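S.K.: I am attaching a structure below and will ask some questions about it afterwards.
The values are calculated or read from the model by the stated rules, or taken from the named source; none is laboratory data. Keep in mind the model is a prediction, meaning the values are calculated, not measured. Neighbour counts are summed over all protein chains in view; Cβ atoms, including those assigned to glycine, are modelled from backbone coordinates with ideal geometry. For accessibility, only protein heavy atoms count, side chains too; no ligands or nucleic acids. Shrake-Rupley method; radii C 1.70, N 1.55, O 1.52, S 1.80 Å.
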Amino acid sequence: MRRLLRRGRLMGLLLLLLAALLASLAIGSVSIPPAAILQVLLKSMAGAQMDAQWLSEYGTAAAILLKLRLPHALLMLMAGAALGGSGAAYQGLFRNPLADPYLIGVASGAGLGAVLAMSVKLPYTTIGLLAVPLAAFVLAIGTVWLVYSLARVGKTTPTTNLILAGVAISAFATAITSYVMLRSQGELRRAISWLLGGGTLSGWQPVVACLPYILIGLGLLLAMGYRLDVMQFGDEQAEQLGVPVNRVRWLVIAGATLATAGAVSFSGIIGFVGLVVPHIFRLVGIIDHRKLLPVSMLGGAILLIVADVLARVVITPQQLPVGIVTAMLGAPFFLWVLKRAKAQAFW
């Protein structure tokens, strides 16, 4: 019975993900009917030659789908999965329900890198546009490495030290980012949009560039599921049960950093996904990390794709940065959680 319920849960999430992807492909400044989407996807996957009649009927839809919406939807899927999985892993690693993928400096480092690259005012060529996500990725990885190095004591890395070092370095990086933005003149709007979750690139380049980092990062996290469960009993007991705590902590941080840095370098800083999604699944009773990690990845992908669709239609024909939408969805959720916790404490 439990196996059937687990399969039903995964099937339900996969169906929701497919529905969200379909909505992402169909909805925008130009609406595309599901039948046209199916025609274009089948034709492109089969590699069939497109005749003049087919192009006259589906040519515009094919150009929009294959060059813009499909790669963007896949980027949102990967970014949501990275944030959802990393959030679940960090909440388990730090044994703190308020931990999120940005806890030890990924977001602040990525933001600093992106703003520094924008302040250089490189030309709007492919190399110039790629400089922003590249700088964001490098600074994100570098910031987490600095935090981990500062928190390390001998051969151990206490959790408290990691959190304190993360807060300090994040604040410092944010201060430098603010200073650079105040000193810049023409790129302020672009920088603010990026920091709120507004990606700067479209097409297949971002998907191909961030895919290996997200796959490696999420693969590491999935491999750590059982060990994260054991670590919930405390570091000392986990060591007695044969779990190398310091090694596991390093691997979880490395996996979450790779996945999150790969996601935010092209999609911008998107809040609340890695915080809300694991909470939702824990509320329905999924606490085993071997189950929580994969469903959080699916849930994060669904939430971010839906938020991205809402960002397109709220002030159409303009598009909001998706981070604004996730914040507007996430903040009421946590107020509800707070109210629920207070009611339970009262009774």
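S.K.: State whether the residues of region 172-195 include one that is among the aromatic types (Phe, Trp, Tyr) and open to solvent by less than 60 Å² (accessible area, probe 1.4 Å).
M.R.: So far as region 172-195 goes, yes, one or more of its residues are among the aromatic types (Phe, Trp, Tyr) and open to solvent by less than 60 Å² (accessible area, probe 1.4 Å).
S.K.: Which count do you get for residues in region 227-270 that are outside any helix (DSSP H, G or I) and without any contact (Cβ under 8 Å) to a residue 60 or more places away in the chain?
M.R.: Qualifying residue count for the region: 6.
S.K.: Residues being touching a helix residue (DSSP H, G or I) at 6+ places or on another chain (Cβ under 9 Å), not in a loop (DSSP other than H, G, I, E, B) and not aliphatic (A, V, I, L, M): count how many of those fall in region 313-333.
M.R.: Here the count works out to 4.
S.K.: Inside region 277-291, can you point out the residues that are surrounded by fewer than 24 Cβ atoms within 10 Å (Cβ to Cβ) and outside any loop (DSSP other than H, G, I, E, B)?
M.R.: Passing the criteria: HIS279, ILE280, PHE281, ARG282, LEU283, ARG290, LYS291.
S.K.: Pick out the one residue from LEU112, LEU55 that is at negative phi, modelled with pLDDT of 85 or more, hydrophobic (A, V, I, L, M, F, W, C) and in a helix (DSSP H, G or I).
M.R.: Selected residue: LEU112, the only one of LEU112, LEU55 that is at negative phi, modelled with pLDDT of 85 or more, hydrophobic (A, V, I, L, M, F, W, C) and in a helix (DSSP H, G or I).
S.K.: Out of all the residues in region 152-163, which are assigned to a helix (DSSP H, G or I), without any contact (Cβ under 8 Å) to a residue 40 or more places away in the chain and surrounded by 15 or more Cβ atoms within 10 Å (Cβ to Cβ)?
M.R.: Within region 152-163, just ASN161 meets the criteria.
S.K.: For the structure I just gave you, tell me whether ILE216 is farther than 24 Å from MET328 by Cβ and β-branched (Val, Ile, Thr).
M.R.: yes
S.K.: Only residues that are farther than 17 Å from SER296 by Cα, small (Gly, Ala, Ser) and open to solvent by 10 Å² or more (accessible area, probe 1.4 Å): list them for region 216-261, please.
M.R.: Residues satisfying the conditions are GLY234, GLY242, ALA254.
S.K.: Now for a different question. Please find, within region 149-180, the residue that is modelled with the lowest pLDDT out of those that are closer than 10 Å to LEU112 by Cβ and aliphatic (A, V, I, L, M).
M.R.: Ranking the qualifying residues of region 149-180, first place goes to VAL180.
S.K.: Do we find that TRP145 is out of contact with any helix residue (DSSP H, G or I) (no Cβ under 7 Å at 6 or more places or on another chain) and either assigned to a helix (DSSP H, G or I) or under 22 Å from LEU103 (Cα atoms) (or both) in this structure?
M.R.: yes
S.K.: So which residues in region 14-41 are farther than 25 Å from GLY300 by Cβ, open to solvent by 20 Å² or more (accessible area, probe 1.4 Å) and either in contact with a Lys or Arg (Cβ under 7 Å, 6 or more places away or on another chain) or in contact (Cβ under 8 Å) with a residue 12 or more places away in the chain (or both)?
M.R.: Of everything in region 14-41, those that are farther than 25 Å from GLY300 by Cβ, open to solvent by 20 Å² or more (accessible area, probe 1.4 Å) and either in contact with a Lys or Arg (Cβ under 7 Å, 6 or more places away or on another chain) or in contact (Cβ under 8 Å) with a residue 12 or more places away in the chain (or both) turn out to be SER29, VAL30, GLN39.
S.K.: Then there is this: If ALA88 satisfies every condition in (1) part of a helix (DSSP H, G or I); (2) modelled with pLDDT of 90 or more; (3) open to solvent by 30 Å² or more (accessible area, probe 1.4 Å) but one, which is the exception?
M.R.: (3)
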